[in-house]
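Enquirer: Let me give you the structure first, and then I'll get to my questions.
The values are calculated or read from the model by the stated rules, or taken from the named source; none is laboratory data. Just so it is clear, the structure is predicted and the values come from calculations on it, not from any experiment. Cβ placement follows ideal geometry from the backbone for every residue including glycine, while neighbour counts extend to all protein chains displayed. These area figures cover heavy atoms from the full protein model, side chains too; ligands, DNA and RNA do not enter into them. Shrake-Rupley method; radii C 1.70, N 1.55, O 1.52, S 1.80 Å.
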Amino acid sequence: VQAVVIDDGTLRWAERPDPAPGDTELLVDVRAAGLNGADLLQRRGHYPAPPGVPADIPGMELAGTVAATGRQVTRFAVGDRVMGLVGGGAQATRAVVDETHALAVPDGVGWPDAGGFPEVFATAFDALFTQAELAMGDRVLVTGAAGGVGTAAVQLAAIAGAHVVASVRQPSVRPKVAELGANEVVDPADVGAHGPYDVVLELVGAASLPIALGALAAGGRVAVIGVGSGAKVELNLLQLMGARARISGSTLRARDRHGKGSVVGAVDAHVRPLLAAGRLTVPVDGTFPMADATAAYDRFAGGGKLGKIVLIAPD
Ligand SMILES: NC(=O)c1ccc[n+]([C@@H]2O[C@H](COP(=O)([O-])OP(=O)(O)OC[C@H]3O[C@@H](n4cnc5c(N)ncnc54)[C@H](OP(=O)(O)O)[C@@H]3O)[C@@H](O)[C@H]2O)c1
């Protein structure tokens, strides 16, 4: 295979041995692989891949065609179009994915969209509905709402009948976030005036959370998923008690095979049909040839994007 390889903080396009599928795995000819914040952290040596995946090939999501299957695979066959979650190694022309972490790509969904779908929709669905128990009619705040997870979360919450307040710092992308279903798109500094919030999906971290905590509804649920602006905040426990609120945090990557499989199963049941029906979109801000990963990572780090950056494998 050819792969994006992390070499002492730089990215190279290099040859690597072909991965072999384990008993429950699919070998996938990768067509597209979405970029995530974790890839940028891993490049800088801060977020090592979990055991069992290539340590120096980044990439946590992919879409492509099944090239071979492990002996116990039952759900997919050679030639199927799949998209899925991996612990690492997605940014290569071939990669392996467990069949329980893979989803069929709906007809009509193109490779860039499929390659940018799994990580952010799985993260947003799990945080909003499984952890924060978002319900119809709830008022939900999504911070960092123009990013990959944010644009997924805004759409999912709106479809579920919540009132969605999206905080977006870049004015130029606010109208597009409104088009995705947000009822109000606000500057991060104004979040306090648009509550109270039954649910807060915190994707920004320290620069954002203290304002949201001051605007919780009674029984509010806060799901912390991203801390790009810092991980340490001062917490007013009285505020939390007064709102009878709870805060939870979570990561997807570190979960075991079964844990990830149940998230993907829930996405298959509840979210994939909406993608197939055209009721959800995967906003792709830009695509880059996989061999040009450095430019893609630079674009991701530059900010101001709407949705995903996706790497496209060579033909
Ligand atoms: N826990 C998990 O399982 C999990 C899974 C996926 C992602 N994550 C994390 O969740 C976060 C969001 O992921 P993503 O893929 O959506 O990333 P993303 O596409 O980079 O989106 C991040 C968004 O947050 C905004 N933002 C960043 N710093 C900000 C600040 N100080 N004030 C206001 N807005 C700010 C960005 O705005 P600009 O464009 O203006 O910079 C961008 O719209 C990342 O930290 C990521 O690592 C966690």
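Enquirer: Looking at the stretch 181-213, which of its residues are part of a helix (DSSP H, G or I) and either open to solvent by 30 Å² or more (accessible area, probe 1.4 Å) or closer than 25 Å to G304 by Cβ (or both)?
Expert: Result: P188, A189, D190, V191, G192, A193, H194, L209, P210, I211, A212.
Enquirer: Which strands (runs of 3 or more DSSP E) does the stretch 1-80 wholly contain that include 1 or more residues that are within 30 Å of D107 (Cβ to Cβ)?
Expert: Working: elements: 2-7, 10-15, 25-34, 61-69.
The strands (runs of 3 or more DSSP E) meeting that bar are 2-7, 25-34, 61-69.
Enquirer: Go through the stretch 222-240 and report how many residues are in contact (Cβ under 8 Å) with a residue 60 or more places away in the chain and either open to solvent by 40 Å² or more (accessible area, probe 1.4 Å) or farther than 20 Å from V120 by Cα (or both).
Expert: Residues flagged as in contact (Cβ under 8 Å) with a residue 60 or more places away in the chain and either open to solvent by 40 Å² or more (accessible area, probe 1.4 Å) or farther than 20 Å from V120 by Cα (or both) within the stretch 222-240 amount to 2.
Enquirer: Please state which of the following conditions L216 fails to meet, knowing it meets all the rest: (1) surrounded by 16 or more Cβ atoms within 10 Å (Cβ to Cβ); (2) within 14 Å of the ligand (Cβ to nearest atom).
Expert: Unmet for L216, out of (1) surrounded by 16 or more Cβ atoms within 10 Å (Cβ to Cβ); (2) within 14 Å of the ligand (Cβ to nearest atom): (2).
Enquirer: Hey, among A245, A296, which residue is more than 20 Å from the chain's Cα centre (by Cα), aliphatic (A, V, I, L, M) and buried (at least 18 other Cβ atoms within 10 Å of the Cβ)?
Expert: A245
Enquirer: Looking at the stretch 264-282, can you tell me whether even one residue there is within 16 Å of the ligand (Cβ to nearest atom), over 16 Å from the mean Cα position of the chain (by Cα) and modelled with pLDDT of 95 or more?
Expert: no
Enquirer: Give the number of residues within the stretch 292-315 that are β-branched (V, I, T) and in a helix (DSSP H, G or I). Don't jump to the end; show me each part of the working.
Expert: Step one: list which residues in the stretch 292-315 are β-branched (V, I, T), which gives 294, 309-310, 312.
Cutting the leftovers down to in a helix (DSSP H, G or I) gives us 294.
Of the residues in the stretch 292-315, 1 are β-branched (V, I, T) and in a helix (DSSP H, G or I).
Enquirer: For the stretch 253-263, check the following and say yes or no: at least one residue is open to solvent by 40 Å² or more (accessible area, probe 1.4 Å) and more than 15 Å from the ligand (Cβ to nearest atom).
Expert: Among the residues of the stretch 253-263, at least one is open to solvent by 40 Å² or more (accessible area, probe 1.4 Å) and more than 15 Å from the ligand (Cβ to nearest atom), which makes the answer yes.
Enquirer: Considering each residue of the stretch 35-46, count those that are surrounded by 14 or more Cβ atoms within 10 Å (Cβ to Cβ) and either of a type in the set (G, A, S) or touching a residue at least 12 places away in the same chain (Cβ under 8 Å) (or both), and give that number. Write out each step before concluding.
Expert: Pass one, the stretch 35-46, residues surrounded by 14 or more Cβ atoms within 10 Å (Cβ to Cβ): 35-43.
Pick out the ones that are also either of a type in the set (G, A, S) or touching a residue at least 12 places away in the same chain (Cβ under 8 Å) (or both) and you get 35-40, 42-43.
Residues meeting the conditions: 8.
Enquirer: Read through the list (1) under 20 Å from A153 (Cβ atoms); (2) in contact (Cβ under 8 Å) with a residue 60 or more places away in the chain; (3) buried (at least 24 other Cβ atoms within 10 Å of the Cβ); (4) not polar (S, T, N, Q), then give the number of the only condition that V97 fails.
Expert: Failing condition for V97: (1).
Enquirer: Something else: For residues that are within 11 Å of the ligand (Cβ to nearest atom) and farther than 22 Å from D138 by Cα, scanning just the stretch 159-177, find the one that is most open to solvent (accessible area, probe 1.4 Å).
Expert: Applying the filter and picking the extreme gives R169.
Enquirer: Out of all the residues in the stretch 264-291, which are part of a helix (DSSP H, G or I), surrounded by fewer than 20 Cβ atoms within 10 Å (Cβ to Cβ) and in contact (Cβ under 8 Å) with a residue 40 or more places away in the chain?
Expert: Residues of the stretch 264-291 that are part of a helix (DSSP H, G or I), as a first pass: 264-270, 272-276, 290-291.
Retained after the next criterion (residues that are surrounded by fewer than 20 Cβ atoms within 10 Å (Cβ to Cβ)): 265-266, 268-270, 273-274, 276, 291.
Answer for the stretch 264-291, where residues must be part of a helix (DSSP H, G or I), surrounded by fewer than 20 Cβ atoms within 10 Å (Cβ to Cβ) and in contact (Cβ under 8 Å) with a residue 40 or more places away in the chain: G265, A266, D268, H270, L274, A276, A291.
Enquirer: Let me ask something else about it. Would you mention how many residues in the stretch 119-152 are within 13 Å of the ligand (Cβ to nearest atom) and in contact with a helix residue (DSSP H, G or I) (Cβ under 9 Å, 6 or more places away or on another chain)?
Expert: Selection size over the stretch 119-152: 23.
Enquirer: Restrict the check to the stretch 236-251 and report whether at least one residue is near the ligand (Cβ under 10 Å from one of its atoms) and assigned to a loop (DSSP other than H, G, I, E, B).
Expert: The answer is yes; a qualifying residue exists.
Enquirer: When you look at E25, is it open to solvent by less than 10 Å² (accessible area, probe 1.4 Å) and closer than 17 Å to K260 by Cα, yes or no?
Expert: no
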